[in-house]
Amino acid sequence: MTAQPVDELERTIRIENVLGADVRNLQDEDLGDIEDVVLDQEGDIAYVLVGRGGFFGVGQDMVPVRWQDLRAVPDLDAFVLEVDEQAFEQAPAVDRDVFADTDAYAQRRGEIDSFWEEQVQG
């Protein structure tokens, strides 16, 4: 699968190309869909929340994935995360509200970032 790191794209990306996009791994396994975007204090994308599991959106876990770890396919209809499906299943899930609470976010951020630093293959 040809994909370019999102932080190396030489074009802008519209939010409509991000929300709802598939997230797949290098084995072309479906990991989930991007359900939400989390901006940092500078207004840049810090994380995307990938919906995992559930049935028609009900009961889904929200897995925060660092934006920098994603690769974009040329037509921007999917993103690639260089992690196997089993590792993705072990990724920490969060409640969307954790990003609205500064203290809760600070506590979870270390756990989230450490997990992805260990798991991402790229």
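The values are calculated or read from the model by the stated rules, or taken from the named source; none is laboratory data. This one's a predicted model, so the numbers in the text were calculated from it and none came from an experiment. Cβ atoms come from the backbone with ideal geometry, glycine included; neighbour counts cover every protein chain shown. Keep in mind that these areas ignore ligands, DNA and RNA; they rest on the heavy atoms of the full protein, side chains included. Shrake-Rupley method; radii C 1.70, N 1.55, O 1.52, S 1.80 Å.
Just so you know, in the range 71-82 the residues that are in contact with a helix residue (DSSP H, G or I) (Cβ under 8 Å, 6 or more places away or on another chain) and within 11 Å of N25 (Cβ to Cβ) include one that is surrounded by the most Cβ atoms within 10 Å (Cβ to Cβ), and it is L81.
Would you say Q68 is surrounded by 12 or more Cβ atoms within 10 Å (Cβ to Cβ), polar (S, T, N, Q) and at pLDDT below 85? Answer is no for this residue. Contact map, the range 30-50: residues that are over 18 Å from E89 (Cα atoms) paired with residues that are among the aromatic types (F, W, Y) and crowded, with 18+ Cβ neighbours inside 10 Å, Cβ distance under 7 Å, separation 6+ or inter-chain. Pairs shown: V38/Y47; V38/F99; I45/W67; A46/W67.
No other residue among V94, V65 is closer than 30 Å to R11 by Cβ and touching a Phe, Trp or Tyr at 6+ places or on another chain (Cβ under 8 Å) apart from V65. Has the range 87-98 got any residue that is more than 15 Å from D113 (Cα to Cα), of a type in the set (K, R) and modelled with pLDDT under 85? Yes, because at least one residue in the range 87-98 is more than 15 Å from D113 (Cα to Cα), of a type in the set (K, R) and modelled with pLDDT under 85. Of the residues making up the range 2-49, those that are at pLDDT below 90 and open to solvent by less than 70 Å² (accessible area, probe 1.4 Å) are A3, P5, V6, L9, I13, N17, D40, G43. Does any residue in the range 62-89 that is of a type in the set (D, E) come within less than 8 Å, Cβ to Cβ, of a residue that is open to solvent by 30 Å² or more (accessible area, probe 1.4 Å) and part of a helix (DSSP H, G or I) six or more places away or on a different chain, and which pairs are these? From the range 62-89, the pairs are D77/N17.
Of the residues in the range 83-91, none is under 14 Å from the mean Cα position of the chain (by Cα), over 12 Å from V120 (Cα atoms), open to solvent by less than 50 Å² (accessible area, probe 1.4 Å) and not charged (D, E, K, R).
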